[in-house]
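Here is the structure we will look at.
No lab work stands behind these numbers, since they all come straight from the coordinates. What you see is a predicted model; the values in this text were computed from it and never measured. Note that each Cβ is placed from the backbone with ideal geometry, even for glycine, and that neighbours are counted across all protein chains shown.
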Amino acid sequence: MTGEERLWLGRAYGLCVGLFVSICIVNILTVQHDAPRLGVVRPAIWELSSALVLVVITTIPAAMAVWMVRARPSWWVAASAHIVVALVHSAIHVAAFVALRKVAHAALLDEVYRFGPVPSEFLYEFRKDMLGYAAATIICWLALMRGAQKAAGPAIAAAPPTFDIQDGARLIRVPVAEIIAVRSAGNYVEFILGDGRRPLTRSSLGAALESLARHGFVRTHKSWLVNKTRVTGLKPEGSGDYAVELGGLEAPLSRRFPEALAALRG
């Protein structure tokens, strides 16, 4: 387990223990009030033995919560598993507290503790244990989910992509979104930037397209690439040709590049 998981699961376990102790104290006081003839020792033995065992076996719902978070099982797999585990959890609880009560009654009261008819008494205890198991599992699951959210932290916005332009001996790094278009200029290509700059780099237009195609650039003419995100309009020029409007700039779109027209219209 990660440190974050251990931290939040420890907090959940502490909360469960606090609940068990609180319920134990309330039950002791209730029994003493309703049946004062039993004294304090007997209800204390009964409730403390039950709470002590629950404190130990809360590791079972905690483990199930870890499984739920990590495996993310389908609902029917989870429901089936929880029913089986809840039965085992209750059986361990009942068997352990009965053993503790027998020892405590013999040592402190010099008498024999009798649990009663097993089927009916176990069913009675199982109904209570189901609630305790469900509560502990939910508390641990919520704690682990909260821990996962804390560990993930706030989402960090991805930095906008940039492109390096080798303008002579100088390297210019610009955001891809600032490149309006790229134009062939003999053995060079000219990058037309949003701030008005037009740096040149020695390259072919095809090589520039290979680098910029994944950023949404399309070839509209044998001499032009345009940035789809900067297109503001398409103006028919006749004979199937268009003018691509890029704010205050226009680039030609030849009928020989129908895939570019489809991409810009899409």
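The shape of region 1-149 comes out prolate: with a ≥ b ≥ c from the C-alpha gyration tensor, a/c is at least 1.5 and a/b beats b/c. In this calculation the C-beta distance from ARG146 to GLU121 is compared with R0 = 45 Å, giving a FRET efficiency of 0.75. Decide, for region 37-103, between rounded, prolate and oblate: order the square roots of the alpha carbon gyration tensor eigenvalues as a ≥ b ≥ c, take rounded if a/c falls under 1.5, and otherwise choose prolate if a/b is larger than b/c, else oblate. Here region 37-103 falls in the prolate category. Comparing VAL94, CYS140, GLN166 along the charge dipole axis of the chain, the residue lying farthest to the positive side is GLN166, per the Cβ-charge model. Net length available on complete extension from ASN187 to ARG11 is 56.6 nm, with 0.36 nm assigned per residue and the Cα-Cα distance removed.
With the convex hull constructed from alpha-carbon coordinates only, the chain shows a mean projected area of 25.0 nm² over all directions.
A straight Cα-to-Cα reach below 17 Å connects LYS235 with the aspartates and glutamates GLU245, GLU250, GLU259, residues fewer than 8 places away in its own chain not being considered. A Förster radius of 41 Å combined with the Cβ-Cβ distance from VAL84 to ASP110 puts the calculated FRET efficiency at roughly 0.55. Assuming charge only on the beta carbon of Lys and Arg (+1) and of Asp and Glu (-1), the dipole of the chain about its Cα centre is about 580 debye to the nearest 20.
For LYS102, a cut-off of 23 angstrom between C-alpha atoms picks up these lysines, skipping any fewer than 8 places away in its own chain: LYS128. Positive-end ranking of LEU200, LEU9, LEU48 along the dipole of the chain, with charges on Cβ about the Cα centre, is headed by LEU200.
Among residues other than MET145 with Cβ under 14 Å from its Cβ, the summed charge is +3 (Lys and Arg +1, Asp and Glu -1).
When peptides 36-43, 183-190, 251-258 are ranked by their average number of other Cβ atoms within 10 Å per residue, the highest-first order is 251-258, 183-190, 36-43. Build a GNM of the chain with springs between Cα atoms under 10 Å apart, and of TRP46, TRP141, TRP76 the one that fluctuates most is TRP76. As a rough guide to protection, the peptides 109-120, 24-35 ranked by mean Cβ packing within 10 Å, highest first, stand as 24-35, 109-120. The Cα center of region 69-109 and the Cα center of region 1-25 differ in position by 17 Å.
Over the chain, DSSP H runs of length four or greater, each weighted -39,500 (n - 2.57), average out per residue to a 222 nm ellipticity of -18500 deg cm²/dmol.
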